[in-house]
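K.L.:
Can you read through this structure? Questions will come right after.
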Amino acid sequence: MHIAVVLRSQERLAGAIDRLLRAGKLAAQLDTPSGSHAVPDLAALLQRDDHWFHWRSRQWVLHGATLDPAVPQVSARSMKDPSWREREAIAQTLSRRYEWAIIEWGGTYQESCAAFVTAGSATMREFLAANDAVLGSYEALTAVDAMRTIVFADDGYEGEVAWEVAQLEGSAPLLACRFEPASGDWWCDGVSRLEEIAREGEMALFRAKDADAWRKLWSRAGYDDGVAQCAVSGHAAPAEVMRHLHGKPGGLEPLRDLSEVAGWAYGHCYGGGADEYVATFRARTDKLARRATNLLEAAEEENRMERWGYL
């Protein structure tokens, strides 16, 4: 199975879907609980109900021609809040049955993702060539937990995965903090125990060797006076980290870009409520991502954290 996880927005995904539809000999199909609907072109998809690109938490499967009718059909109803393990099984089945398929693939409080799956490497290359919103692409993927971006809940244990990954790789991790008037001064003691290595305006970068100071600074990350923004590998070049942090909001794409230059990156994506967030970790390599997954598996067994999905 070849799979690519992308941000699900019209301006970033429409071009790639249009290219797929134009290349197909038969009209694509949009399967929903109410039935299967022909999608001969992009216009038909845009006119569907209240705009397909704006659908969230709906039950649907968009797919191309059938390759193997002997493979069981995936019901659109199976897309009702599937777990990440259920999504894995669905994606495997779709890649065998259809020339290509697109399904909703979770995300964070602020960003929704889709997954493009296919058994054909040429089809995947064509999709990637027309898409600039790819968060991760994987060839011959056999298990979703081999993906390099992990979304998880770590309430009460903020920053622990990043700290443990740094210890495994033998580095003192870098912590980016933003100090604003609303931040108060609760953080002063923690910051005094770290080494400041770069500063630009309200943003400062520290090298952390004190686990207690690290945990203290991350402990209020979900509050209005929180200062911890993100963490990266201690092997990263501070100047490159600061360059990627400058003027960029949080989100899955900045996390991807930061991890590519830093080796790995950890941060939070926030929702609309008080202390409402989800943690994200992204690694540049499969090996580093697997280290984080192993840590999360152990934390889940102890009921300390919970994996939401992989991107």
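K.L.:
For the chain, what does -39500 (n - 2.57) per DSSP helix run (n ≥ 4), summed and divided by total residues, give at 222 nm, in deg cm²/dmol to the nearest 500?
P.N.:
The helix contribution divided over the chain gives -9500 deg cm²/dmol.
K.L.:
Could you calculate, for the range 69-142, the ratio of the Cα radius of gyration to the Kirkwood radius, expressed as Rg to Rh?
P.N.:
Reported Rg/Rh (Cα atoms, Kirkwood Rh): 0.95.
K.L.:
Quick one: grab the alpha carbon gyration tensor of the range 215-311, order the square roots of its eigenvalues as a ≥ b ≥ c, and give me rounded if a/c is under 1.5, else prolate or oblate depending on whether a/b is larger than b/c.
P.N.:
oblate
K.L.:
Follow-up. For ALA140 and LEU46, FRET efficiency with R0 = 35 Å and r from the beta-carbon atoms, rounded to 0.05?
P.N.:
Plugging the Cβ-Cβ distance into 1/(1 + (r/R0)^6) gives 0.55.
K.L.:
Moving to a separate point now. Under 5 Å between amide H atoms, partner at least 5 residues away or on a different chain: which partners does ALA28 have, H built in plane at 1.01 Å?
P.N.:
VAL39
K.L.:
Which of the three applies to the range 46-172, rounded, prolate or oblate, going by the alpha-carbon gyration tensor with a ≥ b ≥ c and a/c under 1.5 meaning rounded?
P.N.:
prolate
Every number here is computed from the coordinates shown, using simple stated rules; none is lab data. Quantities reported herein were computed from a predicted structural model and do not represent experimental measurements. Neighbour counts run over all protein chains shown; Cβ positions are idealised from the backbone, glycine included.
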